[in-house]
Amino acid sequence: MKTVLITGCSSGFGLETARYFLDRDWKVIATMRTPREDVLPRSEHLRVLALDVTDSESVRQAVEAAGPIDVLVNNAGIGVMGALEGTSMETAREVFETNTLGTMAMTQAVLPQFRERKAGVIVNVTSSVTLKPLALLSVYTASKAAVNAFTESLALELQPFNVRVSLVLPGRAPETRFGENAQPRMQGGIPEAYAGFAQSVFAGMAQSSAVTRALDVAEAVWRAANDPSCPVRIPAGADAVVLAEAEAR
Ligand SMILES: NC(=O)c1ccc[n+]([C@@H]2O[C@H](COP(=O)([O-])OP(=O)(O)OC[C@H]3O[C@@H](n4cnc5c(N)ncnc54)[C@H](OP(=O)(O)O)[C@@H]3O)[C@@H](O)[C@H]2O)c1
């Protein structure tokens, strides 16, 4: 029986992915900043561990407590939307600490066991915003585009050790807590000079009907974990697939 460790399982894509792997007889180590057993079905194959990906001691403790794993899913992430002028450097650092450096720290922590065993898969959840630039998302997009570049370089470096690294690029998923969780970072994010422009951007977003479901992301992570012939980049969700096809053309 294989074991997956997933970051950010308290809600959204991480929670759905944990359920998906449990349903398919994997051992799941569901990690959360504030551990809660009750969000997932009871199972002898489930362990819930505390993990804050921005805290090096927390990363060390969680990886040690987890023991041997076969797949790491770097899903934990935070969002921010607003003009760059309305985004403090403190917020930009917070976004990069979680989305970018948190992914690197977790990857670094599991690599010794993967390299020694000559087996293992790392799946990094980024975003379809990296496929087509969108206004008012410069900091968030940069944090995720950095993970794309990191992953594609790392994939080459780890080939000699039979360790695979994949990217899952979800589209916009209103069903998760992502937007709500981003709100505190967005106060003052639209300075007066940008108000009219921002209104037209928000109106455009409200019109797009294709969205991503948490299930689409769980399926894409499952494919990345189990199909050695899958491409490094896997779009997840109807909107992400359209963007990936447009980019390929
Ligand atoms: N929803 C979208 O539209 C969308 C689209 C494309 C990509 N994504 C990406 O998909 C991933 C999952 O997002 P989601 O939509 O499922 O959002 P979500 O419901 O807000 O879930 C995000 C998860 O990340 C956790 N997290 C935040 N900071 C963390 C930290 N420092 N250490 C550990 N865990 C942390 C949160 O835990 P807490 O409960 O402790 O805050 C939560 O479990 C993120 O990487 C996001 O950037 C989302």
Name the single residue, out of those in region 197-249 being of a type in the set (Phe, Trp, Tyr) and modelled with pLDDT of 95 or more, that is nearest to VAL121 (Cα to Cα). TRP222
Of the residues SER166, SER200, SER229, SER209, which is surrounded by fewer than 18 Cβ atoms within 10 Å (Cβ to Cβ), of a type in the set (Ser, Thr, Tyr) and within 15 Å of the ligand (Cβ to nearest atom)? SER209
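Here is a yes/no grid of residues against (1) over 16 Å from ASN74 (Cα atoms); (2) part of a helix (DSSP H, G or I); (3) charged (D, E, K, R):
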position	(1), (2), (3)
PRO133	yes, no, no
VAL147	no, yes, no
LEU154	no, yes, no
GLU180	yes, yes, yes
GLY189	yes, no, no
SER209	yes, no, no
LEU215	yes, yes, no
SER229	yes, no, no
When region 111-120 is checked residue by residue, the ones that are surrounded by 22 or more Cβ atoms within 10 Å (Cβ to Cβ) and either at negative phi or within 10 Å of the ligand (Cβ to nearest atom) (or both) are PHE114
For ALA220: the one exception among (1) in a helix (DSSP H, G or I); (2) within 17 Å of the chain's Cα centre (by Cα); (3) under 22 Å from MET81 (Cα atoms): (3)
Quick check, is GLY102 out of contact with any Cys (no Cβ under 8 Å at 6 or more places or on another chain), within 11 Å of the ligand (Cβ to nearest atom), among the small types (Gly, Ala, Ser) and in contact (Cβ under 8 Å) with a residue 60 or more places away in the chain? yes
Scanning region 47-74 for residues that are in contact (Cβ under 8 Å) with a residue 12 or more places away in the chain and in a helix (DSSP H, G or I), which turns out nearest to the chain's Cα centre (by Cα)? VAL59
Can you name the number of the only condition in (1) in contact (Cβ under 8 Å) with a residue 24 or more places away in the chain; (2) within 27 Å of GLU180 (Cβ to Cβ); (3) not hydroxyl-bearing (Ser, Thr, Tyr) that ARG24 fails? (2)
Residue under question is ALA92, and the condition is that it be touching a Pro at 6+ places or on another chain (Cβ under 8 Å) and touching a residue at least 40 places away in the same chain (Cβ under 8 Å); does it hold? no
Hits in region 26-39 - residues which are surrounded by fewer than 21 Cβ atoms within 10 Å (Cβ to Cβ) and within 12 Å of the ligand (Cβ to nearest atom): ARG33, THR34, PRO35, ARG36, VAL39
Out of curiosity, is GLY67 among the small types (Gly, Ala, Ser), under 30 Å from PHE197 (Cα atoms) and more than 12 Å from the ligand (Cβ to nearest atom)? no
Out of the residues in region 79-95 that are within 13 Å of the ligand (Cβ to nearest atom) and surrounded by 20 or more Cβ atoms within 10 Å (Cβ to Cβ), state the one that is farthest from GLY8 (Cα to Cα). MET81
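The values are calculated or read from the model by the stated rules, or taken from the named source; none is laboratory data. Treat the numbers as computed from the prediction; the structure is a model and nothing was measured. Here Cβ is always computed from backbone atoms with ideal geometry, including for glycine, and neighbour counts include all displayed protein chains.
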